[in-house]
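Each remark here refers to the structure printed beneath this line.
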Amino acid sequence: MNPPAVQTPPVMVAVFNQKGGVAKTTTACNLAVCLRAFGYKVLLVDLDTQGNATASFGITPLPAIGAFEVIVGRAGIGQAMLATEYEGVWLLPATMSLRDNDQMLVHAGKRRGLLEARLAETGVHIVVVDCPPALAAATATALASASAVLMPVRPDPYAHEGLVNTWYEIKRIREVVNVQLGVAGILLTMTASEPTGDDVAKVIRAEFGEQVYGIEISTDPMVAQAAQLALPVAVLDPDGLAGRGYVDATLEVLRRLGRQNRPGTALPEPLGLDDALNRLREWRSTTHAALLRRPEGNSGWAAAKAAEDDDEEEDFVAPRGNAPEAARLRLLPWLAAAFAAGMAFDALIRHWWG
(Lines give C-alpha, C1' and ligand atoms only; values in the text may rest on other atoms or scores of the structure.)
Protein backbone atom coordinates (compact mmCIF):
# COMPACT_ATOMS: atom_id res chain seq x y z
CA MET A 1 0.00 0.00 0.00
CA ASN A 2 1.07 3.60 -0.41
CA PRO A 3 1.66 5.54 2.81
CA PRO A 4 -0.10 8.88 3.28
CA ALA A 5 1.48 12.06 1.95
CA VAL A 6 4.75 13.13 3.56
CA GLN A 7 4.44 15.68 6.36
CA THR A 8 6.78 16.78 9.14
CA PRO A 9 8.57 13.99 11.04
CA PRO A 10 6.09 12.26 13.36
CA VAL A 11 6.14 12.46 17.12
CA MET A 12 7.19 9.05 18.43
CA VAL A 13 5.85 7.79 21.76
CA ALA A 14 7.35 4.55 23.09
CA VAL A 15 5.18 2.58 25.52
CA PHE A 16 7.62 0.77 27.78
CA ASN A 17 8.06 -0.86 31.17
CA GLN A 18 10.66 -3.48 31.98
CA LYS A 19 8.09 -5.36 34.04
CA GLY A 20 5.56 -7.49 32.17
CA GLY A 21 1.86 -7.73 32.93
CA VAL A 22 1.33 -3.98 33.29
CA ALA A 23 -1.11 -3.42 30.38
CA LYS A 24 1.62 -2.16 28.10
CA THR A 25 0.19 -3.60 24.89
CA THR A 26 -3.36 -2.68 25.85
CA THR A 27 -2.19 0.87 26.55
CA ALA A 28 -0.35 1.14 23.22
CA CYS A 29 -3.33 -0.11 21.20
CA ASN A 30 -5.86 2.10 22.96
CA LEU A 31 -3.57 5.11 22.80
CA ALA A 32 -3.31 4.64 19.03
CA VAL A 33 -7.07 4.57 18.39
CA CYS A 34 -7.76 7.36 20.88
CA LEU A 35 -5.17 9.59 19.23
CA ARG A 36 -6.95 8.98 15.93
CA ALA A 37 -10.26 9.84 17.58
CA PHE A 38 -8.73 13.21 18.51
CA GLY A 39 -7.92 13.81 14.85
CA TYR A 40 -4.35 12.57 14.38
CA LYS A 41 -3.04 10.11 11.81
CA VAL A 42 -1.36 7.32 13.74
CA LEU A 43 1.02 4.45 13.08
CA LEU A 44 1.23 1.70 15.71
CA VAL A 45 4.56 -0.16 15.61
CA ASP A 46 4.65 -3.60 17.22
CA LEU A 47 8.19 -4.35 18.42
CA ASP A 48 7.14 -6.92 21.01
CA THR A 49 8.24 -10.37 19.90
CA GLN A 50 4.97 -11.83 21.20
CA GLY A 51 3.10 -9.84 18.54
CA ASN A 52 0.15 -9.13 20.85
CA ALA A 53 -0.45 -5.62 19.49
CA THR A 54 -0.62 -7.09 15.99
CA ALA A 55 -3.11 -9.74 17.13
CA SER A 56 -5.08 -7.08 18.99
CA PHE A 57 -5.97 -5.57 15.62
CA GLY A 58 -7.06 -8.94 14.25
CA ILE A 59 -3.86 -9.66 12.31
CA THR A 60 -3.18 -13.36 12.83
CA PRO A 61 -0.99 -15.20 12.07
CA LEU A 62 1.96 -12.80 12.03
CA PRO A 63 2.66 -11.53 8.50
CA ALA A 64 5.89 -12.13 6.63
CA ILE A 65 6.90 -8.46 6.40
CA GLY A 66 6.77 -5.97 9.24
CA ALA A 67 8.75 -3.92 11.73
CA PHE A 68 11.91 -6.02 11.73
CA GLU A 69 12.20 -6.01 7.95
CA VAL A 70 11.77 -2.23 7.82
CA ILE A 71 14.37 -1.57 10.55
CA VAL A 72 17.07 -3.75 8.95
CA GLY A 73 16.34 -2.38 5.47
CA ARG A 74 14.86 -5.50 3.91
CA ALA A 75 11.56 -3.72 3.11
CA GLY A 76 10.28 -0.19 2.74
CA ILE A 77 7.62 1.21 5.02
CA GLY A 78 5.13 1.29 2.15
CA GLN A 79 5.48 -2.47 1.74
CA ALA A 80 5.01 -3.28 5.41
CA MET A 81 2.46 -0.94 7.01
CA LEU A 82 -1.08 -2.28 7.09
CA ALA A 83 -4.36 -0.41 7.11
CA THR A 84 -6.61 -1.20 10.06
CA GLU A 85 -10.36 -1.14 10.51
CA TYR A 86 -10.01 2.46 11.72
CA GLU A 87 -9.33 4.87 8.90
CA GLY A 88 -6.25 6.90 9.71
CA VAL A 89 -4.69 4.21 11.91
CA TRP A 90 -1.97 2.02 10.39
CA LEU A 91 -0.07 -0.91 11.85
CA LEU A 92 3.56 -1.89 11.37
CA PRO A 93 3.23 -5.47 12.59
CA ALA A 94 5.53 -7.81 14.44
CA THR A 95 6.85 -10.77 12.44
CA MET A 96 8.46 -14.10 13.16
CA SER A 97 11.77 -12.55 12.10
CA LEU A 98 11.51 -10.10 14.98
CA ARG A 99 11.05 -13.01 17.36
CA ASP A 100 13.95 -15.05 15.96
CA ASN A 101 16.52 -12.36 15.15
CA ASP A 102 16.33 -9.76 17.91
CA GLN A 103 20.14 -9.80 18.19
CA MET A 104 20.34 -8.32 14.69
CA LEU A 105 18.89 -5.08 16.08
CA VAL A 106 21.69 -4.51 18.59
CA HIS A 107 23.43 -2.10 16.22
CA ALA A 108 20.15 -0.30 15.51
CA GLY A 109 19.67 0.29 19.24
CA LYS A 110 22.92 2.23 19.37
CA ARG A 111 22.06 4.55 16.47
CA ARG A 112 20.17 7.73 17.22
CA GLY A 113 17.14 8.11 14.99
CA LEU A 114 17.41 4.97 12.85
CA LEU A 115 13.78 3.96 13.38
CA GLU A 116 12.73 7.57 12.93
CA ALA A 117 14.52 7.65 9.58
CA ARG A 118 12.87 4.41 8.47
CA LEU A 119 9.43 5.90 9.25
CA ALA A 120 10.09 9.38 7.89
CA GLU A 121 7.82 8.92 4.87
CA THR A 122 4.74 7.62 6.65
CA GLY A 123 3.11 11.05 6.78
CA VAL A 124 1.43 10.31 10.12
CA HIS A 125 1.32 12.74 13.03
CA ILE A 126 2.21 10.25 15.77
CA VAL A 127 3.97 6.90 15.97
CA VAL A 128 3.11 4.72 18.98
CA VAL A 129 5.62 1.94 19.65
CA ASP A 130 4.71 -1.12 21.70
CA CYS A 131 8.04 -2.21 23.20
CA PRO A 132 8.92 -5.61 24.68
CA PRO A 133 8.78 -5.89 28.50
CA ALA A 134 12.57 -5.92 28.75
CA LEU A 135 15.42 -3.77 27.51
CA ALA A 136 15.93 -5.94 24.44
CA ALA A 137 17.55 -4.70 21.27
CA ALA A 138 14.12 -3.87 19.84
CA THR A 139 13.35 -1.66 22.84
CA ALA A 140 16.69 0.10 22.54
CA THR A 141 15.93 0.73 18.86
CA ALA A 142 12.63 2.38 19.75
CA LEU A 143 14.06 4.49 22.57
CA ALA A 144 16.93 5.65 20.36
CA SER A 145 14.35 7.42 18.17
CA ALA A 146 11.47 8.16 20.52
CA SER A 147 10.35 11.66 21.39
CA ALA A 148 8.97 10.50 24.73
CA VAL A 149 8.26 7.38 26.81
CA LEU A 150 4.93 6.51 28.39
CA MET A 151 5.28 4.04 31.27
CA PRO A 152 2.23 1.96 32.22
CA VAL A 153 2.50 0.61 35.76
CA ARG A 154 0.28 -1.87 37.52
CA PRO A 155 0.41 -1.08 41.27
CA ASP A 156 1.28 -4.54 42.57
CA PRO A 157 3.98 -5.45 45.12
CA TYR A 158 6.70 -5.64 42.44
CA ALA A 159 5.75 -2.47 40.57
CA HIS A 160 8.13 -0.08 42.31
CA GLU A 161 11.29 -2.03 41.54
CA GLY A 162 10.28 -2.45 37.90
CA LEU A 163 9.53 1.25 37.56
CA VAL A 164 12.85 2.28 39.11
CA ASN A 165 14.73 -0.01 36.71
CA THR A 166 12.75 1.34 33.76
CA TRP A 167 13.47 4.92 34.81
CA TYR A 168 17.18 4.13 35.09
CA GLU A 169 17.31 2.66 31.57
CA ILE A 170 15.51 5.66 30.10
CA LYS A 171 17.99 7.99 31.79
CA ARG A 172 20.92 5.93 30.51
CA ILE A 173 19.68 5.92 26.91
CA ARG A 174 19.03 9.66 27.07
CA GLU A 175 22.62 10.26 28.21
CA VAL A 176 24.29 7.87 25.78
CA VAL A 177 22.15 7.68 22.63
CA ASN A 178 19.12 9.97 22.43
CA VAL A 179 19.45 13.30 24.21
CA GLN A 180 16.00 14.29 22.91
CA LEU A 181 14.23 11.47 24.73
CA GLY A 182 11.57 12.87 27.05
CA VAL A 183 9.09 11.37 29.48
CA ALA A 184 5.38 11.36 28.67
CA GLY A 185 4.58 10.24 32.20
CA ILE A 186 3.58 7.25 34.31
CA LEU A 187 0.10 5.77 33.89
CA LEU A 188 -1.31 3.55 36.64
CA THR A 189 -3.21 0.62 35.12
CA MET A 190 -5.39 -2.22 36.40
CA THR A 191 -5.97 -0.33 39.63
CA ALA A 192 -8.10 -1.90 42.37
CA SER A 193 -7.02 -5.36 41.20
CA GLU A 194 -4.65 -6.04 44.12
CA PRO A 195 -5.39 -5.63 47.87
CA THR A 196 -2.13 -3.73 48.31
CA GLY A 197 -2.61 -1.67 45.16
CA ASP A 198 -3.63 1.54 46.90
CA ASP A 199 -0.55 1.48 49.12
CA VAL A 200 1.76 0.80 46.17
CA ALA A 201 0.12 3.58 44.16
CA LYS A 202 0.68 6.01 47.05
CA VAL A 203 4.36 5.07 47.19
CA ILE A 204 4.75 5.58 43.43
CA ARG A 205 2.97 8.95 43.56
CA ALA A 206 5.08 10.05 46.50
CA GLU A 207 8.35 9.17 44.78
CA PHE A 208 7.62 10.25 41.20
CA GLY A 209 5.28 13.17 41.91
CA GLU A 210 3.83 14.94 38.89
CA GLN A 211 5.22 12.35 36.52
CA VAL A 212 2.31 10.12 37.60
CA TYR A 213 -1.01 10.83 35.90
CA GLY A 214 -3.96 11.72 38.07
CA ILE A 215 -6.00 9.54 35.71
CA GLU A 216 -5.90 5.79 36.40
CA ILE A 217 -7.04 2.87 34.26
CA SER A 218 -9.31 0.80 36.49
CA THR A 219 -9.66 -2.96 36.29
CA ASP A 220 -12.59 -3.56 33.97
CA PRO A 221 -14.04 -6.87 32.69
CA MET A 222 -14.64 -5.19 29.32
CA VAL A 223 -10.90 -5.34 28.69
CA ALA A 224 -10.98 -9.14 28.52
CA GLN A 225 -14.06 -9.06 26.30
CA ALA A 226 -12.37 -6.54 23.99
CA ALA A 227 -9.28 -8.75 23.81
CA GLN A 228 -11.40 -11.74 22.78
CA LEU A 229 -12.85 -9.68 19.95
CA ALA A 230 -9.46 -8.25 18.91
CA LEU A 231 -10.71 -4.73 19.61
CA PRO A 232 -9.39 -1.85 21.71
CA VAL A 233 -11.58 -1.41 24.78
CA ALA A 234 -11.88 2.29 23.95
CA VAL A 235 -13.80 1.19 20.84
CA LEU A 236 -15.84 -1.57 22.43
CA ASP A 237 -16.85 0.52 25.45
CA PRO A 238 -15.69 4.15 25.11
CA ASP A 239 -17.87 5.27 28.02
CA GLY A 240 -16.86 2.46 30.38
CA LEU A 241 -14.27 2.42 33.15
CA ALA A 242 -11.22 1.43 31.12
CA GLY A 243 -12.40 2.81 27.78
CA ARG A 244 -13.07 6.31 29.09
CA GLY A 245 -9.91 6.09 31.18
CA TYR A 246 -7.85 5.65 28.03
CA VAL A 247 -9.62 8.57 26.35
CA ASP A 248 -8.78 10.85 29.28
CA ALA A 249 -5.22 9.47 29.50
CA THR A 250 -4.71 10.23 25.80
CA LEU A 251 -5.68 13.86 26.41
CA GLU A 252 -3.13 13.96 29.22
CA VAL A 253 -0.44 12.53 26.91
CA LEU A 254 -1.17 15.30 24.43
CA ARG A 255 -1.04 17.97 27.13
CA ARG A 256 2.31 16.71 28.40
CA LEU A 257 3.81 16.53 24.92
CA GLY A 258 2.67 20.09 24.33
CA ARG A 259 4.21 21.32 27.58
CA GLN A 260 7.61 19.96 26.56
CA ASN A 261 7.65 22.68 23.88
CA ARG A 262 10.16 20.90 21.66
CA PRO A 263 10.10 20.54 17.86
CA GLY A 264 10.05 16.75 18.27
CA THR A 265 6.78 16.87 20.23
CA ALA A 266 4.92 19.61 18.33
CA LEU A 267 1.44 18.59 17.15
CA PRO A 268 -1.63 20.34 15.70
CA GLU A 269 -4.44 21.09 18.11
CA PRO A 270 -6.59 18.02 18.82
CA LEU A 271 -10.30 17.75 18.24
CA GLY A 272 -12.54 18.29 21.25
CA LEU A 273 -13.37 15.58 23.76
CA ASP A 274 -16.97 15.28 22.56
CA ASP A 275 -15.80 14.84 18.96
CA ALA A 276 -13.36 12.12 20.02
CA LEU A 277 -15.96 10.25 22.03
CA ASN A 278 -18.45 10.45 19.20
CA ARG A 279 -15.90 9.00 16.78
CA LEU A 280 -15.22 6.10 19.15
CA ARG A 281 -18.95 5.49 19.56
CA GLU A 282 -19.34 5.49 15.78
CA TRP A 283 -16.60 2.86 15.52
CA ARG A 284 -18.37 0.84 18.18
CA SER A 285 -21.57 0.91 16.16
CA THR A 286 -19.78 -0.50 13.12
CA THR A 287 -17.75 -3.07 15.05
CA HIS A 288 -20.39 -5.79 14.96
CA ALA A 289 -20.62 -5.73 11.18
CA ALA A 290 -16.83 -5.78 10.91
CA LEU A 291 -16.63 -8.83 13.16
CA LEU A 292 -19.05 -10.70 10.95
CA ARG A 293 -16.78 -10.08 7.97
CA ARG A 294 -13.94 -11.99 9.60
CA PRO A 295 -13.45 -15.45 8.13
CA GLU A 296 -14.67 -18.55 9.94
CA GLY A 297 -11.93 -20.47 11.72
CA ASN A 298 -9.68 -17.43 12.28
CA SER A 299 -10.32 -14.15 14.06
CA GLY A 300 -7.73 -12.21 12.09
CA TRP A 301 -7.68 -10.32 8.85
CA ALA A 302 -4.27 -11.71 7.86
CA ALA A 303 -5.63 -15.23 7.41
CA ALA A 304 -8.02 -14.02 4.73
CA LYS A 305 -5.18 -12.14 3.10
CA ALA A 306 -2.95 -15.21 3.09
CA ALA A 307 -5.68 -17.31 1.54
CA GLU A 308 -6.22 -14.78 -1.24
CA ASP A 309 -2.65 -13.99 -2.21
CA ASP A 310 -0.73 -17.10 -1.08
CA ASP A 311 1.66 -14.92 0.94
CA GLU A 312 2.93 -13.08 -2.13
CA GLU A 313 1.10 -9.76 -1.77
CA GLU A 314 2.36 -7.39 0.90
CA ASP A 315 -0.55 -4.92 0.95
CA PHE A 316 -3.52 -5.12 3.29
CA VAL A 317 -6.48 -6.97 1.80
CA ALA A 318 -9.82 -6.67 3.53
CA PRO A 319 -11.76 -9.94 3.80
CA ARG A 320 -14.72 -10.23 1.51
CA GLY A 321 -18.25 -11.22 2.38
CA ASN A 322 -19.81 -12.23 5.68
CA ALA A 323 -19.00 -15.18 7.89
CA PRO A 324 -21.48 -18.06 7.76
CA GLU A 325 -24.53 -17.73 9.98
CA ALA A 326 -23.35 -20.62 12.16
CA ALA A 327 -20.20 -18.68 13.01
CA ARG A 328 -22.30 -15.67 14.01
CA LEU A 329 -24.44 -17.75 16.32
CA ARG A 330 -21.39 -19.26 17.97
CA LEU A 331 -19.97 -15.85 18.87
CA LEU A 332 -22.25 -14.92 21.77
CA PRO A 333 -22.16 -18.18 23.78
CA TRP A 334 -18.40 -18.28 23.35
CA LEU A 335 -18.03 -14.82 24.86
CA ALA A 336 -20.52 -15.56 27.60
CA ALA A 337 -18.63 -18.68 28.66
CA ALA A 338 -15.31 -16.85 28.69
CA PHE A 339 -16.76 -13.98 30.67
CA ALA A 340 -18.51 -16.20 33.23
CA ALA A 341 -15.56 -18.44 34.05
CA GLY A 342 -13.69 -16.74 36.86
CA MET A 343 -10.37 -18.48 36.48
CA ALA A 344 -10.40 -18.19 32.71
CA PHE A 345 -11.17 -14.48 32.99
CA ASP A 346 -8.25 -13.93 35.35
CA ALA A 347 -5.88 -15.73 33.00
CA LEU A 348 -7.14 -13.72 30.03
CA ILE A 349 -6.76 -10.36 31.70
CA ARG A 350 -3.24 -11.15 32.86
CA HIS A 351 -2.23 -12.31 29.37
CA TRP A 352 -3.77 -9.48 27.38
CA TRP A 353 -2.92 -6.55 29.68
CA GLY A 354 0.66 -6.33 28.61
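Residue 210 falls short on exactly one of the conditions (1) of a type outside the set (Gly, Ala, Ser); (2) at pLDDT 90 or above; (3) buried (at least 17 other Cβ atoms within 10 Å of the Cβ), and that condition is (3). Can you tell me which residue is surrounded by the fewest Cβ atoms within 10 Å (Cβ to Cβ) among those in segment 231-252 that are of a type in the set (A, V, I, L, M) and under 11 Å from residue 34 (Cα atoms)? Among those that are of a type in the set (A, V, I, L, M) and under 11 Å from residue 34 (Cα atoms), it is 251. Per the conditions (1) under 20 Å from residue 27 (Cα atoms); (2) aliphatic (A, V, I, L, M); (3) at pLDDT below 90, the sole criterion not satisfied by residue 190 is (3).
Within segment 236-280, the set of residues being more than 12 Å from residue 30 (Cβ to Cβ) and either touching a Ser or Thr at 6+ places or on another chain (Cβ under 6 Å) or hydroxyl-bearing (Ser, Thr, Tyr) (or both) comprises 241, 257, 264, 265.
Taking segment 141-151 as the range and being buried (at least 24 other Cβ atoms within 10 Å of the Cβ) and over 17 Å from residue 210 (Cβ atoms) as the test, the residues that pass are 141, 142, 143, 145, 146, 147.
Cβ-Cβ below 8 Å, separation at least six or inter-chain, first residue in segment 260-273 and within 16 Å of residue 250 (Cβ to Cβ), second in a loop (DSSP other than H, G, I, E, B) and of a type in the set (Gly, Ala, Ser): which pairs? The qualifying pairs are 265/147; 268/39; 270/39; 271/39. Considering 252, 296, the condition of being over 19 Å from residue 53 (Cα atoms), at pLDDT 95 or above and among the acidic types (Asp, Glu) is satisfied by 252 alone. Highlighted here would be helices (runs of 4 or more DSSP H) found entirely within segment 9-103 that include at least 3 residues which are within 24 Å of residue 241 (Cα to Cα), in contact (Cβ under 8 Å) with a residue 60 or more places away in the chain and among the charged types (D, E, K, R), but there are none.
The values are calculated or read from the model by the stated rules, or taken from the named source; none is laboratory data. What you see is a predicted model, and the numbers here were worked out from it, not measured in a lab. Because the Cβ atoms are built from the backbone with ideal geometry, glycine has one as well, and the counts that use them run over all protein chains shown.
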